[in-house]
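Accompanying notes for the structure given below.
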Amino acid sequence: MAVQISPSILSADFARLADEAAAVPNADWLHVDVMDNHFVPNLTLGLPVVEALLKATSTPLDCHLMIEDPDRWAPQYAEAGAGNVTIHAEAAKAPVRTLRQIRAAGARAGLALNPATPVEPYEDLIGEVDMLLLMTVEPGFGGQKFLDVVLPKIRRTRAIIERHGGEVWLQVDGGVAEDTIVRCAEAGADVFVAGSAVYGAADRVGAVEALRAAATL
Ligand code: DX5
Ligand code: ZN
């Protein structure tokens, strides 16, 4: 599958979100980090802001729910019109039901794993997901250092995906920049979230293209 880049608006100017979304017209997705100050020690935005963003941009929204009760909230993001809704395996109490509800509402369904959460227990759920998200930092904040310890899990996840037909996307999120993206791509990732590497750059369009070029092996 072709490389996809999903700039994270967590590193954008929250007072100018529509402009910040428009600053990356060459992005495949806009990554929206929803944090509730319970699942992670940070608070960002929720459904009303996502609904406003959906009206402000034609770039599909890639909603990453770092919240304690994804079973309650995730279907609502899908119904609102998000292109992808990702829930955390550590937080979901009924992941199969919730992933099915996301798909039934017309969105792609993603399952995210923190750095220390193994992928193997979730292999049987692979038919329920369109994307697996491997966190390459502990979730909660932008601008953290990429965790190399996740690289072997990226390789194992790629192998699992290939065993099951190769259709599921493999996203990485956290510390992804022009150097680390190459290692992630070599390990088998194909969808790349980048916050500070895009919104910290003066030329955001150029930053997206540089990441895409670096990840295209
Ligand atoms: C972290 C978020 C990430 C964050 C990545 O918990 O899930 O999406 O925005 O930011 P960078 O790319 O700066 O590490
Ligand atoms: Zn994220």
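What follows is calculated from the coordinates using simple rules that are stated; it is not laboratory data. Just so it is clear, the structure is predicted and the values come from calculations on it, not from any experiment. Positions of Cβ are generated from backbone atoms using ideal geometry, with glycine treated the same way; all protein chains shown enter the neighbour counts.
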> So what is the relative contact order of the stretch 73-202, in percent, for Cα pairs below 8 Å that sit 6 or more residues apart?
Replying inline: 19
> Quick one: Karplus J couplings for the stretch 82-99, per residue in order, coefficients 6.51, -1.76, 1.60, θ = phi - 60°, nearest Hz, x for Gly and Pro?
Replying inline: 4, x, 9, 10, 10, 10, 8, 4, 6, 9, 6, 8, 9, x, 5, 4, 5, 4
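For Cα pairs less than 8 Å apart in space and 6+ apart in sequence, what is the mean separation divided by the residue count of the stretch 1-145, i.e. the relative contact order in percent? Don't skip to the end; give the middle numbers.
Details: 268 pairs, mean separation 25.8, N = 145.
Answer for the stretch 1-145 is 18 percent.
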>> Net charge within 13 Å of Glu20 by Cβ-Cβ distance, Lys/Arg positive one each and Asp/Glu negative one each, not counting Glu20 itself?
In response: 0
> Given springs between every Cα pair under 10 Å in a Gaussian network model of the chain, which of Gly46, Gly165, Gly142 has the largest fluctuation?
Replying inline: Gly165
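Quick one: of the DSSP bridges fully inside the stretch 1-80, what percent are antiparallel, nearest 5? Before the final figure, lay out each step's value.
Details: 1 of 8 bridges.
Counting only bridges with both partners in the stretch 1-80, antiparallel ones make up about 10 percent.
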> For the stretch 209-215, what does the Karplus curve 6.51 cos²θ - 1.76 cosθ + 1.60, with θ = phi - 60°, yield as ³J(HN,Hα) per residue in whole Hz, taken in order and with x for Gly and Pro?
Replying inline: 5, 5, 5, 4, 5, 5, 7
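In the chain, what % of DSSP beta bridges are antiparallel (nearest 5)? Mind dumping the intermediate values first?
Details: 1 of 33 bridges.
Roughly 5 percent of the DSSP beta bridges within the chain come out antiparallel.
Between the DSSP loop rule and a limit of at most 15 other Cβ atoms within 10 Å, which trypsin sites (Lys or Arg not before Pro) in the stretch 7-113 are left?
Numbers: sites: Arg16, Lys55, Arg72, Lys93, Arg97, Arg100, Arg103, Arg108; in loops: Lys93.
Loop-located and lightly packed - Lys93.
Note down the net charge around Val149, summing +1 for each Lys or Arg and -1 for each Asp or Glu among other residues with Cβ under 13 Å from its Cβ.
On the way: positive: Lys145, Lys153, Arg155, Arg156, Arg183; negative: Glu138, Asp148.
Result for the local shell: +3.
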> Can you list the HN-Hα couplings for the stretch 119-134, worked out from phi with the Karplus curve (6.51, -1.76, 1.60; θ = phi - 60°), rounded to whole Hz and with x for Gly and Pro?
Replying inline: 7, 4, x, 9, 4, 5, 8, 4, x, 9, 10, 9, 8, 9, 10, 9
> Where does the Debye-calculated log10 I(q)/I(0) of the chain sit at q = 0.07, 0.14, 0.15 Å⁻¹, using only Cα point scatterers of equal weight, no solvent?
Replying inline: -0.18, -0.77, -0.90
> Cβ under 13 Å from Glu68's Cβ, Glu68 left aside: what net charge do those residues give with Lys, Arg +1 and Asp, Glu -1?
Replying inline: -2
> Can you give me the Cα centroid spacing of the stretch 138-180 and the stretch 83-108 in angstrom?
Replying inline: 19
